[in-house]
Amino acid sequence: MTDRGTAAEAGFDSWVEVRVAGLLRFAFLVTGSQQAAEDAVQSALASACEKWSTVSRRGDPDAYVRRMVVNAHISAWRRGRRELPVAEVRDATNADPAQVVVEHDAVWRVCVALPPQQRAAVVLRFYEDLEYDEIATILGVAVPTVRSHVHRALAALRRELGAEEDE
């Protein structure tokens with residue numbers, strides 16, 4: 001590592017030592033959770049460390065890093081909205097491999113039976129993890145149309161897979 005990099009790291013380390021407690025208090029007020037505050041500060045400091053030479057030259061690195069804390073929290077919140085808590089976590093290690101194949105086959109058969117636009121919307125949404133506006137662009141339709149395709153496809157999947165379980 002160069003002397004310049006070492007000096008920048010030393011400057012960052014001393015800056016963090018003085019300000020970490022204040023950043024954690026600020027992050028707690030922003031997030032409302034100690035764990036979320038620690039995560040946001042850690043993420044912001046990791047990013048700030050990577051570009052400390054640029055951050056430290058700004059007029060107010062404190063404000064810049066506080067903004068990074070807010071952005072880190074918003075990003076985590078957006079990711080969290082996609083994660084849904086479940087009542088029971090299944091242990092996939094004890095799953096019967098034959099049963100897994102049967103379930104995957106059943107889902108595949110129902111997916112193949114969907115109309116092409118619905119199937120494409122479901123694949124792009126859940127397999128490719130794209131947002132509705134991205135899917136709309138790819139399929140050349142409006143966002144509400146994509147939402148409708150996904151909604152109808154999921155309803156059909158639930159209906160068909162529920163009927164197969166009843167048999």
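The values are calculated or read from the model by the stated rules, or taken from the named source; none is laboratory data. It should be emphasised that the depicted structure is a prediction, and the values quoted were computed from it without experimental measurement. Quick reminder, even Gly has a Cβ in these numbers, built from the backbone with ideal geometry, and neighbours come from all protein chains shown. These area figures cover heavy atoms from the full protein model, side chains too; ligands, DNA and RNA do not enter into them. Shrake-Rupley method; radii C 1.70, N 1.55, O 1.52, S 1.80 Å.
A few remarks follow.
- Some residue of region 28-49 being more than 18 Å from ALA76 (Cβ to Cβ) and at pLDDT 90 or above: yes
- Among residues of region 60-78 that are without any contact (Cβ under 8 Å) to a residue 40 or more places away in the chain, those with a Cβ under 7 angstrom from a residue that is open to solvent by 40 Å² or more (accessible area, probe 1.4 Å), sequence gap 6+ or separate chain, pair up as TYR64/ARG58; ALA72/SER43.
- Some residue of region 97-110 being of a type in the set (Phe, Trp, Tyr), open to solvent by 80 Å² or more (accessible area, probe 1.4 Å), at pLDDT below 80 and on the phi < 0 side of the Ramachandran plot: no
- Of the residues GLY11, GLY59, the single one that is modelled with pLDDT under 90, open to solvent by less than 40 Å² (accessible area, probe 1.4 Å) and either outside any loop (DSSP other than H, G, I, E, B) or over 30 Å from ASP129 (Cβ atoms) (or both) is GLY11.
- Residues in region 29-55 that are open to solvent by less than 90 Å² (accessible area, probe 1.4 Å) and among the hydrophobic types (A, V, I, L, M, F, W, C): VAL30, ALA36, ALA37, ALA40, VAL41, ALA44, LEU45, ALA46, ALA48, CYS49, TRP52, VAL55.
- Residue in region 124-142 that is out of contact with any Pro (no Cβ under 6 Å at 6 or more places or on another chain), among the aliphatic types (A, V, I, L, M) and open to solvent by 90 Å² or more (accessible area, probe 1.4 Å) present: yes
- Meets criteria (closer than 30 Å to GLU131 by Cα and either part of a helix (DSSP H, G or I) or at pLDDT below 90 (or both)) for VAL18: no
- Residues in region 112-141 that are under 14 Å from ALA156 (Cα atoms) and among the charged types (D, E, K, R): ARG119 alone.
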